[in-house]
Amino acid sequence: MERIYRDEEVLELSQGTYFIHDAIVTRFDINQEDHRLQIEVYFTSIDSKWWPETKLKLRFIDIIEYGFYWNASYSFYYVERYKFFRNEKGFYMSLCPTDENGSPSDDDGDVIISKSIEGYLL
């Protein structure tokens, strides 16, 4: 694993070279450590002539809320759109948003809200 990015650095990382948009989620891990729930999401970017394939792991720490839904009629798990920002509750990510503005919606799907986040280049 390469450098660890924390909190706002992860937001910057995901907006730069290591895009989440058009990536594939390859794995979700949910665990409890030190009485705090954590979710790790693994992304692999699509190899193209402009960007080499990259792998990124986001670790959401001290989960406030999460919810995922999937069924066999969908591909697992191509990210066409997403929301990722910090608000008064913490770090908010939706991998199936109703829109791409910078605010949460009750209609957003596949949501994680956490107090902290770490990012790793794999």
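The values are calculated or read from the model by the stated rules, or taken from the named source; none is laboratory data. Quantities reported herein were computed from a predicted structural model and do not represent experimental measurements. As a convention, Cβ positions derive from the backbone with ideal geometry for all residues, glycine included, and neighbour counts pool all protein chains shown.
Would you say THR54 is of a type in the set (Val, Ile, Thr), in contact with a strand residue (DSSP E or B) (Cβ under 6 Å, 6 or more places away or on another chain) and surrounded by 11 or more Cβ atoms within 10 Å (Cβ to Cβ)? Answer is no for this residue.
Being surrounded by 12 or more Cβ atoms within 10 Å (Cβ to Cβ) and either within 18 Å of GLU118 (Cα to Cα) or modelled with pLDDT of 95 or more (or both): is that true of GLU9 here? The answer is yes for GLU9. Scanning the stretch 75-122 for residues that are buried (at least 17 other Cβ atoms within 10 Å of the Cβ), among the charged types (D, E, K, R) and more than 15 Å from LEU11 (Cα to Cα) yields ASP108, ASP110.
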